Amino acid sequence: MDSNQLFKIKKGKAFQDVVPASQKNNIVAAQLNGRLYDLSETSPEEGNIELISIGSREGEKILLHSAAHLLANAIVELYPDALPNTSNEGEDTFYYDFNMQPISIEDFPVIEKKMEEISHKNLKIEKKILPKLKLLEEFSGNKYKQDKINENVKDGSESSMYIQGNYKEFCRGPHVPSTGFVKVFKLLSISSTNYGGDVNKERMIRIYGTAFPDRKMLREFLQRREEAMKRDHRKIGQEMDLFTFDNERAPGMPFYAPNGAVIRNELINYMKELNAKSGWEEVWTAHAFKDIIWKQSGHYYKYKDDMFLFTLPNGDSYGLKPMNCPGHIAIFQRNIYSYRDMPIKYSEAGTVYRYEKSGEMGGLTRPRGFTIDDGHGFVREDQIFDETVSLLKIIPSIFKTIMGTDEITYDLSVMDKEHPENYLMSYKCSSCGEKFMLRAASQEFKCPNCGSTDLEADFTMWDNATENLRNALDSLGLKYTEYPGEAAFYGPKIDVHIKDALGRQWQLSTIQIDFFMPGNFDLYYIDSSDKKVRPVIIHRAIYGSYERFIAILLEHFNGKLPLWLTPIQAYVIPVSENYNNYARSINQKLIENGIRSKVDISDGTISKKIKLIRPMRPAYIIVVGEKESSSNSVSVRNRNDKTREYGLDEFVSVVLNEIKNKDIGQAF
RNA sequence: GCCAUCGUAGCUCAGCAGGUAGAGUGGUUGAUUCGUAAUCAACAGGUCGCGAGUUCAAAUCUCGCCGAUGGCUCCA
């Protein structure tokens, strides 16, 4: 990526006059005091400006943005009835929403041709400042633009409009100086959306595209895209024979075939190990509960449309668990606890069922039944810090071990103190002194004891929990971003994101503080002065869900999982029938050593067998014939198609070591 | 739930101006006994997602349903 260059500018001078002649085709905008300007604008003050090159991060964004406008320009020329709404830019792509007749990707060539045409004309992109009323007039035929103007421009004030040829756009800018700057672009896909993202409003057509400074970058982008497609976990899952879906009889429910069950079980076992080390005790809870528990937990009222609910012939109403916490709470409630017993920490590979709407499902990433590495810690308020630290210590090491990545980011979601009514808060009644909890936005705002509405909010619990999460992050020196207003209504939380091999961010782990459930279930422990005290629940998941995590791992590793997770660790092929027995004995020896091995004594050539087994991504393919059988050795082929000879015992120990160390790469 | 596209053999896909299905691969059997990405041959495999309609005739056209994919919304 290009770096931007610094220049001095005087007040009132046009930015474009500062651009060196040799750079005219490369510079798209200027930045002064953190604000971006079009090159055609004049500087409001004297200062140092940064010239934004088309290849820089900001430049790319401007390019994508301008490409979106180029698309809209082409669309209105080709489809005069089309009403452009709004555009947006992502990492490498842009989209533009239109209210227009349905089109398909078959129309792309024509649209792209029109875009090219406009680009070739190299129309100047001009900025015009107009008063609000004038702007509304300019866009009188487009209610979307008018809405946008009304939303963004105060009455009596002014804003900018951009003009390229006959096309005008209400926009803040900046843009590239002329349409000719957008010369390498491609339309990618089409989808639909609703105006303002509101399902009740009219449907819009969203067209996605991309643009780059040069052809090479576009080509690379398309290759990366294709690679990501090839790595789709559904495709890899089929090639490796990991799982299947029975769309007719159990839509949205993943079924693990033996190979997939291996991966799942290895991950579960690893989590069990980690839980044991950090004091999270394994429990097990049932899958079906009478609906009273979901009514008590509050899930019923909020999520009943998204739950699997059923009534038996005798009238009993049940629901499949959409969450594991009530089950863990039920276990917690079997006993009475002293403050000395706390924390009580339960964990379970807990399968939950959520009736995701038909369009919301997707492979393993969004199934209707999935298993969470769920944990619920029942803790004293003063234990939040320690428990959070302990989780935050373990989480990065887990992902380092499994995925080999250090690229982890942390989000701290806290309450929006301007709007305490959105959260479950402690209140003290000013007239009777009663203390209680209440979520003002969804409950009647009055004292449950005397009915007074003179209530005093008490932020202590929230402040304390938030401070503990913050301190936990700080004490480990972890960088994090704080998001006010993003907390759940029942408590603050920390989310952990991992970047995969394709550069995508995934939210995996979560640590949530919950003040709500303990109240719903009237949980308590006995403190040192013999009083009942409400514990706080810490919800935690590290992988998130096994299904989603497996999908992420498959795409991250392109199916070539670390050996300990690999379903077929060794695949033995004899050179001919004459060596079937030797091949069998190798296979047997590997299996006896706990290595997942298979032997292929079917009729066929080695080449063919290798060809057919490769998509299954066995870690090591072992070919044996005369040479090996006479020297008790194996010829081993790794996933990079390199081969190497090993004595049998040596190979076994190499493999066992690789498994034990959970190595990311192969032994050779 | 909404919009778009799609649903043909275990898998990948062809057939769709309407005339009741075809390839490759996998499977089985036989021949071959083979040194690291497809040995040869024969055979078996499908009520063309489900249901209705139009028609003498539907995989093909129409409608409804069920599913899948990409988005939107949602994601405790």
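Only the coordinates and a few stated rules stand behind these numbers; no lab work does. Every value quoted in this text rests on a predicted model; they were computed, and no experiment measured them. Glycine also receives a Cβ, built like all others from the backbone with ideal geometry; neighbour counts cover every protein chain displayed.
Across the options A:GLN383, A:TYR346, A:PRO367, the greatest Cα extent toward the positive end of the charge dipole of segment A:346-388 (unit charges at beta carbon of Lys, Arg, Asp, Glu) belongs to A:PRO367.
Rounded to the nearest 20, the size of the Cβ-charge dipole of chain A about its Cα centre is 1220 debye, with Lys and Arg at +1 and Asp and Glu at -1. Counting every other Cβ atom within 10 Å of each residue's Cβ, A:ILE395, A:ILE573, A:ILE513 order from fewest to most as A:ILE395, A:ILE573, A:ILE513.
Counting only DSSP beta bridges whose two residues both lie in segment A:366-503, roughly 75 percent are antiparallel.
Restricting attention to segment A:550-658, which trypsin sites (Lys or Arg not before Pro) occupy a DSSP loop and are surrounded by at most 15 other Cβ atoms within 10 Å?
Details: sites: A:LYS560, A:ARG584, A:LYS589, A:ARG596, A:LYS598, A:LYS608, A:LYS609, A:LYS611, A:LYS627, A:ARG637, A:ARG639, A:LYS642, A:ARG644; in loops: A:LYS560, A:ARG596, A:ARG639, A:LYS642.
Counting only loop positions with at most 15 other Cβ atoms within 10 Å, the trypsin sites (Lys or Arg not before Pro) in segment A:550-658 are A:LYS642.
From the Kirkwood radius over Cα pairs of chain A, Stokes-Einstein at 4 °C and 1.567 mPa s returns a whole-number translational diffusion coefficient of 43 µm²/s.
Using a Förster distance of 22 Å, how high is the FRET efficiency between A:ARG249 and A:ASP306, based on the Cβ-Cβ distance and rounded to 0.05? Please list the in-between numbers first.
Numbers: r = 21 Å, r/R0 = 0.95.
For A:ARG249 and A:ASP306, the calculated efficiency is 0.60.
Each label point was placed 7 Å from the Cα along the Cα-to-Cβ direction; for A:LYS428 and A:GLN101 their separation is 7.0 nm. Legend: calculated FRET efficiency, A:ILE606 to A:GLU282, from the Cβ-Cβ distance at R0 = 56 Å, rounded to 0.05, equals 0.80. Contact order, relative form, for segment A:563-660: 31 percent (alpha carbon pairs under 8 Å, 6 or more residues apart, mean separation divided by residue count).
In chain A, the calculated helix contribution to ellipticity at 222 nm averages -9500 deg cm²/dmol per residue, counting -39,500 (n - 2.57) for every DSSP H run with n ≥ 4.
For chain A, taking a cut-off of 4.7 Å between Cβ atoms, the unpaired cysteines are A:CYS171, A:CYS325. Our estimate of slack between A:ASN593 and A:GLU482, defined as 0.36 nm per intervening residue step minus the Cα-Cα distance, is 35.0 nm. Once both labels are positioned 7 Å from their Cα atoms along Cα-to-Cβ, the gap between A:GLU117 and A:LYS230 label points is 3.8 nm. Distance between the modelled labels on A:GLU91 and A:ASN150, one decimal in nanometres: 3.8 nm (7 Å Cα→Cβ projection). Restricting the GluC sites (Glu not before Pro) of segment A:215-310 to loop positions (DSSP other than H, G, I, E, B) with no more than 12 neighbouring Cβ atoms within 10 Å leaves A:GLU248.
Only loop residues by DSSP count here, and only those with at most 16 other Cβ atoms within 10 Å; note down the GluC sites (Glu not before Pro) in segment A:50-133 that meet that. Write down the numbers at each step before the final one.
Details: sites: A:GLU50, A:GLU58, A:GLU60, A:GLU77, A:GLU89, A:GLU91, A:GLU106, A:GLU112, A:GLU116, A:GLU117, A:GLU126; in loops: A:GLU91.
Qualifying residues, ordered by number: A:GLU91.
Give me D for segment A:362-503 in µm² s⁻¹, whole number, from Stokes-Einstein with Rh from the Kirkwood sum over alpha-carbon pairs, 4 °C and 1.567 mPa s. Result for D is 74 µm²/s. Taking 0.36 nm per residue of sequence separation and removing the Cα-Cα distance, the A:ASP411/A:ASN449 pair yields an extension gain of 9.8 nm. With coordinates expressed along the principal axes, the C-alpha atoms belonging to segment A:5-53 extend over 25, 18, 16 Å, beginning with the largest.
Counting neighbouring beta carbons within 10 Å and listing from fewest to most, the residues A:MET253, A:MET425, A:MET437, A:MET415 come out as A:MET253, A:MET437, A:MET425, A:MET415. Potential lengthening of the chain between A:LYS143 and A:ARG644 amounts to 173.4 nm, from the contour at 0.36 nm per residue minus the alpha-carbon distance. For segment A:439-508 versus segment A:90-125, the inter-centroid distance based on Cα atoms is 43 Å. Both radii were evaluated on the Cα set of segment A:224-350; the Rg over Rh quotient, with Rh as the Kirkwood radius, amounts to 1.07. Dividing the alpha-carbon radius of gyration of segment A:60-228 by the rule-of-thumb value 2.2 N^0.38 Å gives 1.02. Give the distance, in whole Å, between the Cα centre of segment A:526-563 and the Cα centre of segment A:615-665. Cα centroid to Cα centroid, the span is 35 Å. Backbone N atoms of segment A:469-491 closer than 11 Å to the 7 Å Cα→Cβ label point of A:GLU418 belong to residues A:485. Going from the residue with the fewest nearby Cβ atoms within 10 Å to the one with the most, A:TRP506, A:TRP284, A:TRP294 rank A:TRP284, A:TRP506, A:TRP294.
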